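Heads up, the thing below is written out as structure tokens.
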Amino acid sequence: MTMKKILIIAAAVLSLASCKNAQTETPAKKVDAQKFFKDNIAKVEDLCMEERASDEADVLGASYTYIDIDKDGVDELYIRDDASDSGWLLCCGADSVQLVASENYKLHFSQLGNIVMLSGSAGTGTFYSGYYEIVNSSCIGPDFFELEEFVWGTEDSTRTTFHPVTNFDGEYPEENTRPFFKKVEQLKKTSDWELLNEGKEFKPLWELDGKIPEDEQD
């Protein structure tokens with residue numbers, strides 16, 4: 001077989017493979033987050049009320065804003081009820097509403113790249129930080145938390161423990177947490193944690209719900 005024939009056959013094989021890939025590859029689905037959350041407002045309210053920080057929390061009396069945390073072109077929904085100092089972060093990945101976490105008067109959201117931290121006091125001498133990584137409009141796991149505890153009678157007076165959020169009790173091997181916190185450390189070299197609501201413009205949630213309160217009607 002001549003070299004010319006070999007090259008022609010090879011080109012044909014590559015061409016067929018290219019056509020096959022073109023037929024099997026499906027384009028990524030683009031989600032309209034604003035429409036998605038409006039269509040699923042009842043589910044949004046149910047999830048938020050299940051995880052409300054205060055009995056006084058009123059989801060539909062709260063405010064909201066959209067934030068594309070993972071920069072994939074699909075927004076996440078952040079709701080704030082300042083009256084009860086409550087907040088909720090939701091994703092719309094995999095065609096379902098996902099509540100990432102909720103904040104209260106002690107614990108508040110801040111952001112570093114595509115990672116959200118829920119942090120604040122967890123009681124006397126203890127500081128809590130929960131970490132949630134947002135990828136493709138979903139919160140992926142495990143979601144880690146760390147406790148910085150003041151410990152009497154120790155040389156450095158404090159100790160830090162790391163666990164997955166889903167396993168609050170018991171020890172968790174450091175080698176399982178190290179890759180995640182190494183990524184956090186790398187991100188911190190380029191920027192700092194910023195409050196999630198820093199500079200964000202919030203709208204009354206009834207605009208999302210579509211039901212105008214009587215006192216707001218003309």
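A few remarks follow.
- Whichever residue in the stretch 45-57 is crowded, with 16+ Cβ neighbours inside 10 Å and more than 19 Å from residue 138 (Cα to Cα) and, among such residues, is modelled with the lowest pLDDT: 53
- Among the residues making up the stretch 96-118, those that are touching a helix residue (DSSP H, G or I) at 6+ places or on another chain (Cβ under 8 Å) and over 15 Å from residue 198 (Cα atoms) are 97, 99, 102, 115.
- Applying the condition of being touching a Ser or Thr at 6+ places or on another chain (Cβ under 9 Å) and assigned to a helix (DSSP H, G or I) to the stretch 64-96 and asking which residue is nearest to residue 138 (Cα to Cα) yields 93.
- Scanning the stretch 41-93 for residues that are among the polar types (S, T, N, Q) and either under 16 Å from residue 118 (Cα atoms) or touching a Cys at 6+ places or on another chain (Cβ under 8 Å) (or both) yields a single hit, 86.
- Applying the criterion of being touching a residue at least 60 places away in the same chain (Cβ under 8 Å) and not in a helix (DSSP H, G or I) to the residues of the stretch 35-63, the residue that is farthest from the chain's Cα centre (by Cα) is 61.
- Scanning the stretch 84-107 for any residue that is under 29 Å from residue 208 (Cα atoms), modelled with pLDDT under 90, surrounded by 15 or more Cβ atoms within 10 Å (Cβ to Cβ) and within 13 Å of the chain's Cα centre (by Cα) turns up at least one such residue.
The values are calculated or read from the model by the stated rules, or taken from the named source; none is laboratory data. All values derive from a computational prediction rather than experimental measurement. Virtual Cβ from ideal backbone geometry, glycine too; neighbours counted across all protein chains shown.
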